[in-house]
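S.K.: The structure follows.
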Amino acid sequence: MKTPSNPPSRPLRALLAGLVTLAVAFGGSLSTVGPAIADEIASPDAAVASVGAPADAAGAEEAPADEATGDEAPGDGATLDETPEAPEASEEGAATAEGEPEASGFAPAVAVGVPSVPGVAAEAAEAEAPSATPTITVSKTFGLDAHGETVTVTGSGFVPGADTTSARPPIAGKFGGVYVAFGAFDVNWKPSTGAPSTARPTVDVKWGVHAEDLAKIGGPSKGGFVVNEDGTFETTLTLSYDAAKALADGHFGIYTYPGGGAKAPSFETFEPIAFAPAVFVDRTAGLDPFDDTVTVNGVGFTPTAATIGSRPPLAGKFSGAYVAFGAFAENWKPSAGVAATARPTGDVKWGVHAADIPAIGGPTAGGIAIADNGTFTTQLKVAATYAKMLADGRYGVYTYPGGGAKEPTFETYTPVSFAPAVQVSKTTGLNAEGDTVTVRGAGFLPSGADTNGKRPPLAGKFGGAYVVFGSFAENWKPSAGAPSGNRKTATQKWALNPADVATVGGAAAGAIEIGAGGTFETTLDVSEFTGALKDGRYGVYTYPGSGATYAPFETATLLTFGGAPTGPTGPTTPQNPAPAPAPIAGGSLSWAVSNSFVDYVTGSIAKGQVSVSGGATRSGGVFQFGQSGGSFDQSTGRGSADYSGAVRFTGHAGALDLTFANPTLRVVSATEGVLNVSVDGSRVDLARVDLGAASKSSVGGATRFAGAPTTLLASGVSAFEGYYGAGQQLAPVTAVVGSPAAAPAGSTGTVVTASASAAPREVPATPPATTGVELDAPTLAALAAGEQVTVTVGGFAPGETGIQVVVYSTPVVLARDLVADASGVVRWTGAIPATLEAGVHTLTFQGSVAKGVQFTVAAADRCAVDAATLSWGFKKSFLTYLESGIANGTWTVADGATDDGTVFAFAAGTGSYDAKTGRGAVVFPGSVHFTGHDGALDTTIANPGLDFTGTGDVFLTLDVHGTTQEGAPIEAKGVRFAELDLSSGFESGDDGVTGTAIPAVLTAEGAAAFGTYPEGEALDPVTFSLPLAADCALVVPAADTETVEAADDDAPTVEPISAAPSLAWLVWAGIALLVIVLAALAFVLVRRARNKTA
């Protein structure tokens, strides 16, 4: 860099600064200034002339007194709590960084225009170059593995300063270096602002110091590394997620701050990092198969473009993630298009942003919060068996996007496994002379060769488990080498895969089935018996079958008897027998399950039925079950009561088939019970029973709980196939806990069924008749013109029903279920669709006979419509149902239709409209394809249209093809699907007509075509816009106008700018000339100054 020996004076430098500022402000160029001038102004002090730097007080008397000087401008880079999203413009137009004081009156501190001055820009920049600012670079900042990944951190600018001196040992008084740390810190974390160390919880941290001090801080083994004399360094950090060390609302990142207790704000830097979505489960093995709880922590669940919900209630917003326990199929991921049936959930939570939890039903519905940093924590109930689980599914904790979003990175799987376990219905106070216990097992799943049989008939196959009652020695386990003599068996069952039950002799040989989740249930007869081991322990034992040795299958549940059996005795003196205890009244359970669910199953959507069997009955809308057993203790009010019978719900042409059987009421406290039900063969804790709110009484020695409210548990959600969420109120329960008894009297078999509906008459593709309808000329002309007419047709059977009116060429049903009078005459009043093209058409009446009349439609004299738009949500409840666990369906848009998560939008509509008569037709390209019920529902609606009849009736038309939910084929075009009510929301203007949130109801034709809802069902409102050319729109009266005269007749006339040649070049030429003159003057002054000092 050239350094003049005699720099220009301060006034001169101020003048030069003004020149540069003036050139920049007016967008000019100094390229015309000669190199000699450039050399003169290039001096070390000339840096003050760079744009944005304040001038000296001596040369800038007009600057505000409190204006910041150049060395007072903050030099730190933006940190976490200072990082601006975008600079805001000051009133003068200068951008100011958030958190920095404004340099009022100065242009932005960027060298705009300066490069046009040869030699000046580079030298000024070098002269102005600030001291190095501490910065860091991280080798990887996005998509990091939360289970552990190492990154490299390089730094520069970390040079000693007055505020970087260590304040404490071991290097007090010396350069304290820099801490380089990873963690999730508080937004206010900086030591220089007094933030406590608790705001900076670190997961991994290193300490960089000068080489001479490395040993003093413990060396590399203690996290030390070298900061070079020039302020550079390189080190590594291991990044992983530790929920215990991350602040709930902390910001994940690499942080630096001064070491040794120094307070140097410039050393405080922050580089954000982002983990790929990951899940941590506190326990994954040895879980209790009957009931256990795991804690789940997640990280990295931050919004992306693919995590926006596609359906209510979070359509168009971040829809979070489902966190579920279940046994899913190996191919389960939504992003791969796998159906929901591959993901039957046990307990499930829905993580969303805290503000959206109420929208999804709150915590009672399973809502949990995902923090802004993408973390969450929750608990899940887990069990080896639950409703709808897949027999060959993989147990695990799964996450996947909520609200219909498809984000592959949110799809995670953490395997879990259960320890085999058993439950015995009664373990103490058993009758020594004979008693029966119920044994339930879970978790008895194959484990490779360890559980394979070693001898026939199951050698090399899963050997199952023996379930026995006996007297065993303390050292009894086969896996420990105990001899069989240490296991004295009284009664025995053999739990096996269903396919192997017959192989070992079936039920007669004691074989029982192991079901999904390694579950079984059986009974064992127990008693004290001759031959029991002298030091043996009575109990229910399990261990591997067929000679396998697998320790986890070895369980022991000890039993105790009420008294020892007595041997033979001598004659005794007869005594009067004690009176027998009064019998306890028979028990029963009465429960309607859910009235809304029954109504749904037997309604117009599912069109199903409800039946009872196995001893269950139905009376007064309530299902009734007789008591079959249990362990309830009347004195303590604790225990369980078992009931028998089944309720079966079927619908959707067999796609819905759900059986609730053999309910059990577990009374766990005076105020709380659990209703456990067999759902399609799997035991499920279905509902919480609020016994505290029940009416409690004693009836004939039995305990009666009447009207106890029930609430669906998370573990029971899948039992209803997603129709209800956790926390849903179900029907109240009335239970009598007594002795075994039959169900109360009531109906059996099929107890509720959907109302039968006649199938609509098939519409021929071509007119079945073209004659038979007699119309006079005026009526025929009015019909062809689209006016409303009344047509009377005879020849039908007296009182005949189901007569249809259909217009052709493409058949459009105009009326259904017309009824002939006693003379066989039927009457119809209406108008033909505005959608009919010019040409010959046929109006037909179809019943026991067919009659028709042909008419000719002239070319419509209507205004052309182009670029029309229409938006419609179809029916929100249908879309919600479609994606439930019942339908397991979805929808896709095509052919120009779009879906924003709330409505389907159609554009580029074309057609015609007559603003005077209100008659017209517009059609929109696009389609929506609905699928569900494993393909039973496969319907496409396409090419929606608006049919303005001109008589006040307006219809939404659709092409419908595919199959209905009942599997019936449908192929119809131009169906008048819904009738629109234009009494509100409809506006006509000089630029067209619009409809906003126009109410829509399903027509008879729409009900027949779609096959889901009845005629008259409310659909979602419709919004449309039909632009019209100005000369076609409605005539709007012209408003009165006033002429405003000028107050001054001599007022100048302002001509448009384009009316005269532009003189802007003169202005710019003048500015350029001024700059050159001033530059020349500066050159002269510099020369004179040099001559004086020469």
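S.K.: Looking only at strands (runs of 3 or more DSSP E) that lie completely in segment 585-629, which have at least 2 residues being buried (at least 20 other Cβ atoms within 10 Å of the Cβ), modelled with pLDDT under 90 and touching a strand residue (DSSP E or B) at 6+ places or on another chain (Cβ under 9 Å)? Walk me through it before giving the result.
M.R.: On the way: elements: 588-591, 609-613, 617-619.
Where strands (runs of 3 or more DSSP E) fall fully within segment 585-629, none carries at least 2 residues being buried (at least 20 other Cβ atoms within 10 Å of the Cβ), modelled with pLDDT under 90 and touching a strand residue (DSSP E or B) at 6+ places or on another chain (Cβ under 9 Å).
S.K.: Only residues that are at pLDDT 90 or above and either closer than 23 Å to Gln729 by Cα or among the basic types (Lys, Arg) (or both): list them for segment 384-401, please.
M.R.: Arg394 - this is the single residue of segment 384-401 that is at pLDDT 90 or above and either closer than 23 Å to Gln729 by Cα or among the basic types (Lys, Arg) (or both).
S.K.: On to the next question. Looking for something outside any strand (DSSP E or B), touching a helix residue (DSSP H, G or I) at 6+ places or on another chain (Cβ under 9 Å), of a type in the set (A, V, I, L, M) and more than 20 Å from Ala1009 (Cα to Cα) - is there at least one such residue anywhere in segment 773-783? Lay out the reasoning, then the answer.
M.R.: Pass one, segment 773-783, residues outside any strand (DSSP E or B): 773-783.
From what's left, touching a helix residue (DSSP H, G or I) at 6+ places or on another chain (Cβ under 9 Å): 775.
Narrowing the set further to residues that are of a type in the set (A, V, I, L, M) leaves 775.
Next, only the ones that are more than 20 Å from Ala1009 (Cα to Cα) stay: 775.
Within segment 773-783 (the criterion being outside any strand (DSSP E or B), touching a helix residue (DSSP H, G or I) at 6+ places or on another chain (Cβ under 9 Å), of a type in the set (A, V, I, L, M) and more than 20 Å from Ala1009 (Cα to Cα)), the answer is yes, since at least one residue qualifies.
S.K.: Another question, then. Kindly provide the set of residues from segment 643-673 that are closer than 20 Å to Ala383 by Cβ and without any contact (Cβ under 8 Å) to a residue 24 or more places away in the chain, ordered by number.
M.R.: Result: Thr659, Glu672.
S.K.: Considering only residues that are of a type in the set (Ser, Thr, Tyr) and not in a strand (DSSP E or B), look in segment 631-652 and name the one that is surrounded by the most Cβ atoms within 10 Å (Cβ to Cβ).
M.R.: We begin by selecting, within segment 631-652, every residue of a type in the set (Ser, Thr, Tyr); these are 631, 635-636, 640, 643-644, 650.
Cutting the leftovers down to not in a strand (DSSP E or B) gives us 631, 635-636.
Details: Ser631: 16, Ser635: 5, Thr636: 9.
It comes out as Ser631.
S.K.: For segment 986-998, name all the residues that are surrounded by 17 or more Cβ atoms within 10 Å (Cβ to Cβ) and either touching a Gly at 6+ places or on another chain (Cβ under 8 Å) or not assigned by TED's automatic domain parsing to the domain that holds Phe904 (or both).
M.R.: Of the residues in segment 986-998, the ones surrounded by 17 or more Cβ atoms within 10 Å (Cβ to Cβ) are 992-995, 998.
Selection gives Gly995, Ile998.
S.K.: Which of the strands (runs of 3 or more DSSP E) contained wholly in segment 330-444 include at least 3 residues that are over 14 Å from the mean Cα position of the chain (by Cα) and under 24 Å from Thr307 (Cα atoms)? Quick ask: steps written out before the conclusion?
M.R.: On the way: elements: 345-352, 367-369, 376-382, 394-401, 412-415, 421-424, 435-442.
Filter on segment 330-444 gives 345-352, 376-382, 412-415.
S.K.: Then there is this: I need the full set of residues from segment 295-317 which are at pLDDT 95 or above and hydrophobic (A, V, I, L, M, F, W, C), in order please.
M.R.: The answer is Val296, Val299, Phe301.
S.K.: Okay, next question. May I ask you to list the residues in segment 269-286 that are out of contact with any helix residue (DSSP H, G or I) (no Cβ under 6 Å at 6 or more places or on another chain) and either under 30 Å from Gly194 (Cβ atoms) or crowded, with 22+ Cβ neighbours inside 10 Å (or both)?
M.R.: Scanning segment 269-286 gives Thr269, Phe270, Glu271, Pro272, Ile273, Ala274, Phe275, Val279.
S.K.: Let me ask something additional. Within segment 123-134, is there a residue that is surrounded by 15 or more Cβ atoms within 10 Å (Cβ to Cβ), out of contact with any Lys or Arg (no Cβ under 6 Å at 6 or more places or on another chain) and modelled with pLDDT of 90 or more?
M.R.: Yes - at least one qualifying residue is present in segment 123-134.
S.K.: Answer yes if at least one residue in segment 178-185 is of a type outside the set (Asp, Glu), surrounded by 14 or more Cβ atoms within 10 Å (Cβ to Cβ) and in a loop (DSSP other than H, G, I, E, B), and no otherwise. Write out each step before concluding.
M.R.: To start, the set of residues in segment 178-185 that are of a type outside the set (Asp, Glu) comprises 178-185.
Add one more test, that the residue is surrounded by 14 or more Cβ atoms within 10 Å (Cβ to Cβ), and what stays is 178-185.
Still in the list and also in a loop (DSSP other than H, G, I, E, B): none.
No, because not a single residue in segment 178-185 is of a type outside the set (Asp, Glu), surrounded by 14 or more Cβ atoms within 10 Å (Cβ to Cβ) and in a loop (DSSP other than H, G, I, E, B).
S.K.: Here is a further query. Out of segment 518-553, which residues are touching a Lys or Arg at 6+ places or on another chain (Cβ under 8 Å) and in a helix (DSSP H, G or I)?
M.R.: Matches in segment 518-553: Ala551 only.
For (1) part of a strand (DSSP E or B); (2) touching a residue at least 60 places away in the same chain (Cβ under 8 Å), each residue gets a yes or a no:
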{"site": "Lys696", "(1), (2)": "yes, no"}
{"site": "Thr703", "(1), (2)": "yes, yes"}
{"site": "Ala706", "(1), (2)": "yes, no"}
{"site": "Ser715", "(1), (2)": "no, yes"}
{"site": "Gly727", "(1), (2)": "no, yes"}
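S.K.: Please go through segment 848-899 and pick out each residue that is of a type outside the set (Gly, Ala, Ser) and part of a loop (DSSP other than H, G, I, E, B).
M.R.: Step one: of segment 848-899, the residues of a type outside the set (Gly, Ala, Ser) are 849, 851, 853-857, 861-863, 865-866, 869-870, 872, 874-876, 878-883, 886, 888, 890-893, 895, 898-899.
If the condition is that a residue be of a type outside the set (Gly, Ala, Ser) and part of a loop (DSSP other than H, G, I, E, B), then Val849, Asp861, Arg862, Phe874, Lys875, Glu883, Ile886, Asn888, Asp895 are the ones that fit.
S.K.: On the basis of being of a type in the set (S, T, N, Q) and assigned to a loop (DSSP other than H, G, I, E, B), does Thr489 make the cut?
M.R.: On the way: of a type in the set (S, T, N, Q): yes; assigned to a loop (DSSP other than H, G, I, E, B): no.
No.
S.K.: Can you name the residue in segment 554-566 that is part of a loop (DSSP other than H, G, I, E, B), of a type outside the set (A, V, I, L, M) and in contact (Cβ under 8 Å) with a residue 12 or more places away in the chain and is also surrounded by the most Cβ atoms within 10 Å (Cβ to Cβ) among such residues? Reasoning before the result, please.
M.R.: Taking segment 554-566 first, the residues part of a loop (DSSP other than H, G, I, E, B) are 554, 559-560, 562-566.
Subsequent filtering for residues that are of a type outside the set (A, V, I, L, M) retains 554, 560, 562-563, 565-566.
Of the ones still in play, those that are also in contact (Cβ under 8 Å) with a residue 12 or more places away in the chain are 554, 560, 562-563, 565.
On the way: Glu554: 19, Thr560: 12, Gly562: 11, Gly563: 11, Pro565: 13.
Within segment 554-566, the match that is surrounded by the most Cβ atoms within 10 Å (Cβ to Cβ) is Glu554.
S.K.: I'd like the full set of residues that are farther than 22 Å from Ala655 by Cα and either touching a Gly at 6+ places or on another chain (Cβ under 7 Å) or surrounded by 18 or more Cβ atoms within 10 Å (Cβ to Cβ) (or both), limited to segment 327-352.
M.R.: Lys333, Asp347, Val348, Lys349, Trp350, Gly351, Val352 - these are the residues of segment 327-352 that are farther than 22 Å from Ala655 by Cα and either touching a Gly at 6+ places or on another chain (Cβ under 7 Å) or surrounded by 18 or more Cβ atoms within 10 Å (Cβ to Cβ) (or both).
The values are calculated or read from the model by the stated rules, or taken from the named source; none is laboratory data. All values reported here derive from a predicted model rather than from experimental measurement. Virtual Cβ from ideal backbone geometry, glycine too; neighbours counted across all protein chains shown.
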